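Inspection log for the structure reproduced underneath, given as structure tokens.
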Amino acid sequence: MRLPDRRWLLLLFLLLMPFLVPIPEALERRHLVRALGHQLHVPLILGLTLLLHRRGPLAGRLLLACVAAAAAGGAVEIVQQFCGRHARLRDFGLDLIGVGLAATWELWRLHRSRPALVLGLLLLLAVPAQLASLPAQLAAERAARDRFPSLGDFETRDQRHLWGESYEGSFGLARPAGGGEGRVLRVRAPASASYPGVVMRGFPADWSAYTSLEGRARMVEGAGDSLLLMVWLDDYHGYREGAWVTDRIHVSRNWRHFRVLLKEMEEHPPGRELDRRDVYSLVFYLPQPKVAAVIELDDLRLR
């Protein structure tokens, strides 16, 4: 069935437009709003698939409508890069969930297909499942504000939610290797990876009152008696524009205190200073390790 006045084209435009509108920075910075906003991909692409199946040149051809909706979702991710937004594979995965929900609903509506109904319910459960870690993440960010300027003593498990893998690195909170009190952040870097490490976000952004990042580090596994560990910082706009600052730490097999002077970190590109009122990411990584390595970090704080 097709609408003779082509009003379905207007509805098509309205369903696609939210993907192309720049998100206000004030909203983009809020973790809760950003996480919920990503989930809008599901109902919007679901609606797009239903529209294509019921109206226009693809009406009645469910497979083609699903393919067209999925292609539109992929194309939107590419176009978003020119609209002040980012292409994300995860968002395209949400698009596919929306397509799947629409397809299973139409199969149930038209043919009372029970397998389609079961699959649709499973896909529907996938939407809230992606938000399951959100309460713990928000609680960890609140605790980080209370600990600041300490960035990590790793004695409470909630701190794990502030850290993520960088490139091919992996991490965990664990007892120090060889025994000892408390917990440390243990980072594993596989051999021949480019920049394996860990990234921290969700801490208070204003570092303007502090001049250095300090902590303890040691090498647990790896070749030789020491290795080079890089420290990376960026501010919010630098993260979006590809600008950052770095410094290096020489890590030995014994615990060693390190101190990174924030104003003396190397700028990339040169002349682009870190905005210490708006720090966004802290990354520790190993530059192209030739053999697998494990390091431990502890007592990270600003001074």
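Annotations for the structure displayed:
- Contact order relative to length of the chain, as percent, for alpha carbon pairs under 8 angstrom and 6 or more apart: 17
- Whole-Hz ³J(HN,Hα) from phi, Karplus 6.51 cos²θ - 1.76 cosθ + 1.60, for region 184-201, glycine and proline x: 10, 8, 9, 10, 10, 10, x, 5, 6, 6, 6, 9, x, x, 9, 10, 10, 9
- Zone residues, region 198-225, relative to Arg90, backbone N less than 20 Å from point 7 Å out along Cα-to-Cβ: 198-205
- On Cα atoms only, tilt of 7-20 relative to the major axis of the chain in degrees: 0
- Backbone amide hydrogens, once placed in the peptide plane, bring Ser212 within less than 5 Å of Leu262, Arg303, excluding anything fewer than 5 places away on its chain.
- Label point 7 Å beyond Cα of Ala26 along Cβ direction - residues of region 271-285 with amide nitrogen under 20 Å: 278-279
- Each label point was placed 7 Å from the Cα along the Cα-to-Cβ direction; for Thr156 and Gln288 their separation is 4.1 nm.
- Label of the coordinate-derived value, log10 I(q)/I(0) by the Debye sum over Cα atoms at q = 0.09, 0.14 Å⁻¹, listed as (i) -0.68, -1.02; (ii) -0.40, -1.02; (iii) -0.59, -1.06: (iii)
- Counting neighbouring Cβ atoms within 10 Å and putting the fewest first, the residues Asp298, Asp158 line up as Asp158, Asp298.
- Placing dummy labels 7 Å off each Cα toward the beta-carbon, the span from Glu241 to Val67 is 4.4 nm.
- Two-decimal ratio, region 7-129, of alpha-carbon radius of gyration to 2.2 N^0.38 Å: 1.08
- Once you divide the Cα radius of gyration of region 135-302 by 2.2 N^0.38 Å, the number left is 0.98.
Taken together, the values in this text are just the output of simple stated rules run on the coordinates, not laboratory data. Quick caveat: nothing in here was measured; it's all calculated off a predicted structure. For neighbour counting, all protein chains shown are included, and Cβ atoms are generated from backbone atoms with ideal geometry for every residue, glycine included.
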